[in-house]
Amino acid sequence: MAGRWSGRIFGESRDEDEAVRRARESMTAAFLDMDGRQRIAEASVSASNQLFPEKGLRGLWLPVRDTCYEAGGRYVAMCEAGDRDRVAAVDLTATTRSLVDAARRVDEFYEAHRGHLEHAASLLAAIPRVAAEAQSAGSAARQRAVGQFAGYSSVRAGVAAIDEASLLLSGARAQDDVRSVRDAAARLNSAAAELESALAAAPNREREAQKALSSVSTRIAAVRHRAGELGPAYSSILREFNAASSDDLVGNDTESARLIDESEVLLAEAKDALVGGDPDLALELTARVRARLSDAEGVVAAVTDRLRLLREVRAEPRAKVDAVRFRLRDAQLLAVNSGLAAEWGSALDAQVDRIERAVDGLTGTHPDYWAYITELDAVSTFVAGIVQRMRGQSATP
């Protein structure tokens, strides 16, 4: 009997061992497949979290990763149990299913974010190379800055920018901060490109500065000549028109003289910079001269243009009011045709009274033409604003 049972038991054991062996092989294959997929996804998520934490991929990944850990834990438990006890094929198959399901969840996650994950992984892998290339570009540009153009402001500024960016990059690499490394490398590349651009422009800068100095010298003389017209124009306004017509122009003569004097001081500094071998600084100072002269021209024109405008309106006051009335009637017609009269009609109608009051104000020996002009301009601006809003409403479906 012992031989028969023994033979039967051994036979059954051999069948069972074969099923367990196959189940164990399937489980191991499933584990290795899941583990490989998880490691790829984990690395990509880590890259995303380092470079683009605002994307929040790590938070989405953690539940998937926990599923892999749980399935991996079951696999390890099956392996350890197999070393001590007999393990049923059905238990191994159940573990295999959990590993396959975990791998499927990894695939679903990865496919949903494939573009971003692959970009993040690729970018992270490239950062050391990008940093090295940026350092090389910065060093090469800095070496080329040594020479006859080293004293130019643009070149000195470019070298300083490279030095600062290089220090930031070195610090970021020492701290192994990939985001800071990426940003510092980009900054260093930009600084190197700007220095290269400055060096490329340097051979022509002296000639450009000479032309600019000649140009502003001529312009200073022209503006000073125009400023000579300011005093007579201001006197004419006071003599011919209501005193209120020039209240806002008091002191324009002093202001224009100050601006022109400042322009001449800056021009002298620009000439010194050019003689000193820094055409960049000369050009920068020349730009400031132009800005002062533009302000001076505006101050002078405010007086001369005021006199011209006042005389034009005095000669034909109806021309201005007729133009404003035409714009108002056009706006009223637009309101009617657009079906917006109920909304905007009263506001437009109120402008008729404003126009009449402006016309009625032209009385006395010296009518206040400036008040007349400013009030009609205000009406015109108000009407234009309503027209714009009505057209916007009409265009809305």
- [ ] Starting from the stretch 363-376, take each residue that is assigned to a loop (DSSP other than H, G, I, E, B) and list its partners that are loosely packed, with under 14 Cβ neighbours inside 10 Å, counting only C-beta distances under 6 angstrom and pairs at least six apart or across chains.
- [x] Asp368/Ala244
Task: Some residue of the stretch 245-252 being under 10 Å from Val300 (Cβ atoms), modelled with pLDDT under 95 and over 44 Å from the mean Cα position of the chain (by Cα) - done: no
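Among residues belonging to the stretch 253-272 that are acidic (Asp, Glu) and under 41 Å from the mean Cα position of the chain (by Cα), point out the one that is farthest from Ile220 (Cα to Cα). Break it down into steps so the answer makes sense when it comes.
Taking the stretch 253-272 and keeping what is acidic (Asp, Glu), we get 253, 255, 261-262, 264, 269, 272.
Filter once more, keeping what is under 41 Å from the mean Cα position of the chain (by Cα): 255, 261-262, 264, 269, 272.
Numbers: Glu255: 15, Asp261: 9, Glu262: 11, Glu264: 8, Glu269: 15, Asp272: 18 Å.
Checked the stretch 253-272; the qualifying residue farthest from Ile220 (Cα to Cα) is Asp272.
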Task: Conditions (1) assigned by TED's automatic domain parsing to the domain that holds Ser48; (2) within 30 Å of Pro279 (Cα to Cα); number of the one not met by Glu108 - done: (2)
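Run down Met78, Met27, Met1 and say which single residue is at pLDDT below 80 and more than 30 Å from Ala125 (Cβ to Cβ).
Met1
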Task: the stretch 360-387: number of residues that are within 16 Å of Glu316 (Cα to Cα) and either touching a Ser or Thr at 6+ places or on another chain (Cβ under 9 Å) or surrounded by 15 or more Cβ atoms within 10 Å (Cβ to Cβ) (or both) - done: 10
Task: Filter result (more than 16 Å from Thr374 (Cβ to Cβ) and either charged (D, E, K, R) or surrounded by 13 or more Cβ atoms within 10 Å (Cβ to Cβ) (or both)) within the stretch 345-355 - done: Gly345, Ala347, Leu348, Asp349, Val352, Asp353
Task: Lone unmet requirement of (1) of a type in the set (A, V, I, L, M, F, W, C); (2) outside any helix (DSSP H, G or I); (3) over 30 Å from Ala282 (Cβ atoms) for Phe149 - done: (3)
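So which of Arg306, Arg292, Arg288 ends up being basic (Lys, Arg), surrounded by 18 or more Cβ atoms within 10 Å (Cβ to Cβ) and within 37 Å of the chain's Cα centre (by Cα)?
On the way: Arg306 fails: within 37 Å of the chain's Cα centre (by Cα); Arg288 fails: surrounded by 18 or more Cβ atoms within 10 Å (Cβ to Cβ).
Arg292 is the lone residue from the list that is basic (Lys, Arg), surrounded by 18 or more Cβ atoms within 10 Å (Cβ to Cβ) and within 37 Å of the chain's Cα centre (by Cα).
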- [ ] Can you work out which of the residues in the stretch 210-233 that are charged (D, E, K, R) and in contact with a helix residue (DSSP H, G or I) (Cβ under 8 Å, 6 or more places away or on another chain) is surrounded by the fewest Cβ atoms within 10 Å (Cβ to Cβ)?
- [x] Glu229
Task: Residues within the stretch 234-264 that are surrounded by fewer than 20 Cβ atoms within 10 Å (Cβ to Cβ) and out of contact with any Ser or Thr (no Cβ under 7 Å at 6 or more places or on another chain), tallied - done: 20
Task: Residue count, the stretch 105-146 (criterion: surrounded by fewer than 16 Cβ atoms within 10 Å (Cβ to Cβ) and part of a loop (DSSP other than H, G, I, E, B)) - done: 1
TODO: Select from the stretch 180-209 the residues that are surrounded by 14 or more Cβ atoms within 10 Å (Cβ to Cβ) and basic (Lys, Arg) and write down the one among them that is modelled with the lowest pLDDT.
DONE: Arg182
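The values are calculated or read from the model by the stated rules, or taken from the named source; none is laboratory data. Bear in mind the structure is a predicted one, so any value in this text is a computation, not a measurement. For neighbour counting, all protein chains shown are included, and Cβ atoms are generated from backbone atoms with ideal geometry for every residue, glycine included.
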